[in-house]
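Every read-out reported here was derived from the displayed coordinates using simple, explicitly stated rules and does not represent laboratory data. What you are looking at is a predicted structure, and each value in this text was computed from that prediction instead of being measured. Neighbour counts run over all protein chains shown; Cβ positions are idealised from the backbone, glycine included.
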Amino acid sequence: MESNSTDSFDKSGSDKNASSQPDHSKCLKLLHLVLDDEATPEEKEYFEKHVCNCMPYYEIYHVDKAIKTLVKKSCCGENVPQDLAAEIKAKLFQRAD
Amino acid sequence: MSDSQRQNYTQKEKELIFDKEFMPFIGPMYNFAFRLTFDEDDAKDLVQDTYLKAFRFITSFERGTNAKAWLFRIMKNSFINDFRKKSKQPAKVDYQEVETFYNSDDVDRSITTDLRVEMVQDMIGDEISNALNSLDVDFRTVIILCDLEGFKYDEMAKILDIPIGTVRSRLHRARNLLKEKLRDYAKSMGYKN
């Protein structure tokens, strides 16, 4: 996807920031992009460099990641009623006739 | 879609597309419907309604493209336009108010740091599920689409008819609200920061 990343990510400032003081607000914006696998490789690299050196962001990222994993694991188990597919097809078949 | 973009399918082709490309998603569709309506009968009706519409408008669907996103979009529209009105679950959120809020500076305000990984990992599925269900439908929906169903931001934007920037801010806000619910739960279980 061509524009999946943040337009707020400033490539020109990224090298400078990565080597010295990272931009916290930029990292916050990148956090979900990285979490959702929507960040570009440059954004991911910048974020990972920052997260390694910043305990609060390290914790936030891993909490968000744990929640995302648990949501996926816990919230998709609704059992489809056994007759639902057959009912839909029966209605469609009648309509198609 | 203009007439020239509509597909010319025979009845047999339509049935094949329906069986091979649409029906495999009945599980995620039912789960989404249930988490929108919180009622088994309503969820069943919503899924049926969605599939009947999908078949009716099947000439707008190009074979081999993203059937799952197409079906989710139909379901979302059905829920908002038809179903929400008669659903046992009344709409709690005024759309205009929500969008105004999304566009405010508050969106990036909160960083919840008092929830820790081990607290989250100790939670059982019911806590997560209840916390998700307690969110207003617009926030719940973005988390379902992204975290449960794995849709990308551009796909969510199409399903929800909103810009990608709004998808991101809504998701950000939804996750913070979810964390607030989980933090409250963790506190009630005796966790301390």
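Among the trypsin sites (Lys or Arg not before Pro) in the range B:1-46, those placed in a DSSP loop whose Cβ has at most 15 other Cβ atoms within 10 Å are B:Arg6.
Ranked from highest to lowest mean number of other Cβ atoms within 10 Å per residue, what is the order of the peptides B:69-80, A:36-47?
On the way: B:69-80: 20.8, A:36-47: 17.7.
Averaged packing, sorted descending, gives the order B:69-80, A:36-47.
R0 = 30 Å: FRET efficiency of A:His24 with B:Arg6, Cβ-based, nearest 0.05? Walk me through the numbers on the way to the answer.
Values: r = 50 Å, r/R0 = 1.67.
Step by step, r from the Cβ atoms, then E = 0.05.
Approximating the spin labels as points 7 Å out from Cα along Cα→Cβ, the B:Asn133-to-B:Asp184 distance works out to 1.6 nm. Okay, which of the range B:137-157 sit inside 18 Å, backbone N to the point 7 Å along the Cα-Cβ direction of B:Phe57? Under 18 Å, as judged by backbone N against the label point of B:Phe57, lie B:155-157 of the range B:137-157.
Modelled spin labels at A:Met55 and A:Ala86, positioned 7 Å past Cα toward Cβ, are 6.1 nm from each other.
Taking every residue in A:25-38, how many Cβ atoms of other protein chains lie within 10 Å of its Cβ, on average? Let's see the in-between values first.
Values: counts 1, 0, 0, 3, 3, 0, 3, 7, 2, 0, 4, 9, 2, 6.
Average neighbour count from other chains, rounded to a whole number: 3.
When the P(r) is computed for the range B:3-86, the part past 17 Å accounts for 44% of the Cα-Cα pairs. In order along the range B:25-35, phi translates into HN-Hα couplings of 9, 5, x, x, 5, 5, 4, 4, 4, 5, 7 Hz, rounded to whole numbers, per the Karplus curve 6.51 cos²θ - 1.76 cosθ + 1.60 with θ = phi - 60° and x for Gly and Pro. Amide H to amide H distances under 5 Å link B:Asp136 with no residue, where only residues 5 or more positions off or on other chains count and H is placed in the peptide plane.
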